[in-house]
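The values are calculated or read from the model by the stated rules, or taken from the named source; none is laboratory data. Remember, it's a predicted structure, so these values are computed and weren't measured experimentally. Cβ: placed from backbone, ideal geometry, glycine included. Neighbour counts: every protein chain shown.
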Amino acid sequence: MFQENLLKGKTILVTGGGTGLGKSMSKRFSELGANIVITSRKLEVLEQTAAELSAETGNPVLAVAADVRKPLEIEAAMQAAVERFGQIDVLLNNAAGNFISPTERLSYKAFDVVVDIVLKGTYYFSLAMGKYWIEKGIKGTMLNIVTTYASTGSGYVVPSAVSKAGVLNLTRSLAAEWGKYGIRLNAIAPGPFPTEGAWTRLLPDPRMEQKLINRIPLKRTGEHIELANLATYLVSDFSGYMTGEVVTIDGGEWLAGAGEFNWLDVIKPEEWDIYEKIVRGKS
Ligand code: HXC
Ligand code: NAP
């Protein structure tokens, strides 16, 4: 689908790039020629992923530990990236924390821990990168990974929902403010894509996965390559006139949940025969 070397010459920093979707997107960008920098808290995991990806793609992947809640660590990671690759062109805000829980069972700290990673961590990294791009005159691009419930809200993941809503608003707000510097910001709202990080914290009982799949019109979860290809387009120059946008990739899940009569899926053809008669009889 994409030209070989589509991303050659670009340096892309991926937060939470050692695992899950961050790793899959990093792999795709690296296959297409980009220099990759992956950051998160666990240096050992990052180093293993960096070695694995660069062996697979033949392109450089730098691992740097940086907690998104710590501005000094963010700045040090950016400095390491610039020292290695000359400049940073793209920031992918992907790091997150989340778990299911009835909200009334949460302590203040449990709420804070998710908001600190997802909302504050994203705006810390965005602020550091924006200052750097503006100072250096770099027309950078940011891509923020949110969720479909950033727009709809969702029970049982309320700290994540309020944080992702904030990240979506940050995307739109900064797209308007920093467009004058040539900086673009977009977001992706994924539905469910199996990862160890998400599945262990959001679907602790294996039976929950089938319930989730039943809600999705396409009757399956997403494949990482489908998300990675969308992310590739949004960080590439082919999306050069797109900014402040959020693209949903969820097999139709959220719309199916929202549409007033979508629940009529459960009605069998013989029941429709009866209902049609009744409805026609009324006219
Ligand atoms: C209630 C919990 C809890 C749980 C932790 N806490 N887990 N409360 N239910 N399951 C509480 C703790 O008791 C503590 O509060 C506070 O939260 C902080 O917990 P720590 O374990 O000290 O935090 P920390 O070690 O920093 O870990 C952060 C974390 C963890 C968010 C809790 O899960 C993590 O590291 N996650 C990173 C990866 C991740 O979450 N990936 C999934 C992203 S999936 P007290 O008051 O007791 O001290 C995603 C997808 C969304 O976002 C959409 C899917 C469709
Ligand atoms: P994941 O593998 O658990 O990814 C989360 C990453 O964030 C980890 O690599 C983790 O690494 C990093 N991280 C957590 N706290 C951090 C911190 N304080 N500082 C720096 N890095 C931190 O889960 P995933 O499913 O791939 O999620 C990736 C993104 O997709 C998240 O934004 C998530 O909300 C979003 N998303 C996922 C799904 C899905 O179905 N999987 C759906 C919608 C949206 P360390 O532990 O090493 O720090």
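Could you check segment 152-165 and list, in sequence order, the residues that are surrounded by fewer than 16 Cβ atoms within 10 Å (Cβ to Cβ) and within 14 Å of ligand 2 (Cβ to nearest atom)? Reasoning before the result, please.
If we filter segment 152-165 for residues that are surrounded by fewer than 16 Cβ atoms within 10 Å (Cβ to Cβ), which is where we start, we get 152-153, 155-156.
Residue satisfying the conditions is THR152 alone.
A quick yes/no check of all residues on (1) of a type in the set (Asp, Glu); (2) at pLDDT 95 or above:
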position	(1), (2)
MET1	no, no
ASN5	no, yes
LYS10	no, yes
THR15	no, yes
VAL37	no, yes
GLN48	no, yes
ALA55	no, yes
ASP67	yes, yes
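Condition check ((1) in contact with a strand residue (DSSP E or B) (Cβ under 6 Å, 6 or more places away or on another chain); (2) within 14 Å of ligand 2 (Cβ to nearest atom); (3) farther than 17 Å from LEU32 by Cβ) across all residues:
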position	(1), (2), (3)
ALA51	no, no, yes
GLY58	no, no, no
LYS70	no, yes, yes
ALA76	no, yes, yes
GLN79	no, no, yes
GLU83	no, no, yes
SER101	no, no, yes
GLU104	no, no, yes
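Just one of (1) in a helix (DSSP H, G or I); (2) in contact with a helix residue (DSSP H, G or I) (Cβ under 9 Å, 6 or more places away or on another chain) trips up MET142, so point out which.
Just one mismatch for MET142, condition (1).
Of all helices (runs of 4 or more DSSP H) completely enclosed by segment 36-124, which ones contain at least 2 residues that are under 27 Å from LYS8 (Cα atoms), in contact (Cβ under 8 Å) with a residue 24 or more places away in the chain and among the charged types (D, E, K, R)?
Because the criterion is at least 2 residues that are under 27 Å from LYS8 (Cα atoms), in contact (Cβ under 8 Å) with a residue 24 or more places away in the chain and among the charged types (D, E, K, R), the helices (runs of 4 or more DSSP H) in segment 36-124 that meet it are 71-85.
What are the residues in segment 132-169 that are over 15 Å from the mean Cα position of the chain (by Cα), more than 16 Å from ligand 1 (Cβ to nearest atom) and among the aliphatic types (A, V, I, L, M), if any?
Answer for segment 132-169, where residues must be over 15 Å from the mean Cα position of the chain (by Cα), more than 16 Å from ligand 1 (Cβ to nearest atom) and among the aliphatic types (A, V, I, L, M): ILE134, ILE138.
Of the residues LEU212, LEU218, only one is farther than 25 Å from SER26 by Cα and either within 9 Å of ligand 1 (Cβ to nearest atom) or surrounded by 15 or more Cβ atoms within 10 Å (Cβ to Cβ) (or both); which?
Details: LEU218 fails: either within 9 Å of ligand 1 (Cβ to nearest atom) or surrounded by 15 or more Cβ atoms within 10 Å (Cβ to Cβ) (or both).
Only one candidate passes the filter, namely LEU212.
Only helices (runs of 4 or more DSSP H) wholly contained in segment 167-253 count here; list those with 3 or more residues that are modelled with pLDDT of 95 or more and over 15 Å from GLY20 (Cα atoms).
Here the list reads 207-214, 224-235.
Pick from segment 1-24 the residues that are more than 21 Å from ALA95 (Cα to Cα) and not charged (D, E, K, R): which of them is surrounded by the most Cβ atoms within 10 Å (Cβ to Cβ)?
From segment 1-24, those more than 21 Å from ALA95 (Cα to Cα) are 1-9; that's our starting set.
Right, trim to not charged (D, E, K, R) and you get 1-3, 5-7, 9.
Details: MET1: 7, PHE2: 15, GLN3: 11, ASN5: 12, LEU6: 19, LEU7: 25, GLY9: 11.
Only one residue fits best here, namely LEU7.
Considering only segment 256-276, state which residues are free of Cβ contacts under 8 Å to residues at least 24 places away in the same chain, in a helix (DSSP H, G or I) and touching a helix residue (DSSP H, G or I) at 6+ places or on another chain (Cβ under 8 Å). Step through it out loud before you land on a result.
So the first thing to find is which residues in segment 256-276 are free of Cβ contacts under 8 Å to residues at least 24 places away in the same chain, and the list is 259-276.
From what is left, the residues that are in a helix (DSSP H, G or I) are 262-266, 269-276.
The one that is free of Cβ contacts under 8 Å to residues at least 24 places away in the same chain, in a helix (DSSP H, G or I) and touching a helix residue (DSSP H, G or I) at 6+ places or on another chain (Cβ under 8 Å): ASN262.
So, of the residues in segment 37-84 that are closer than 11 Å to GLY17 by Cα and basic (Lys, Arg), which turns out to be surrounded by the fewest Cβ atoms within 10 Å (Cβ to Cβ)?
Here the answer is LYS42.
Just one of LEU168, LEU174 is touching a helix residue (DSSP H, G or I) at 6+ places or on another chain (Cβ under 9 Å), under 21 Å from LEU255 (Cα atoms), touching a residue at least 40 places away in the same chain (Cβ under 8 Å) and surrounded by 17 or more Cβ atoms within 10 Å (Cβ to Cβ); which is it? Lay out the reasoning, then the answer.
Numbers: LEU174 fails: under 21 Å from LEU255 (Cα atoms).
Of LEU168, LEU174, the one residue that is touching a helix residue (DSSP H, G or I) at 6+ places or on another chain (Cβ under 9 Å), under 21 Å from LEU255 (Cα atoms), touching a residue at least 40 places away in the same chain (Cβ under 8 Å) and surrounded by 17 or more Cβ atoms within 10 Å (Cβ to Cβ) is LEU168.
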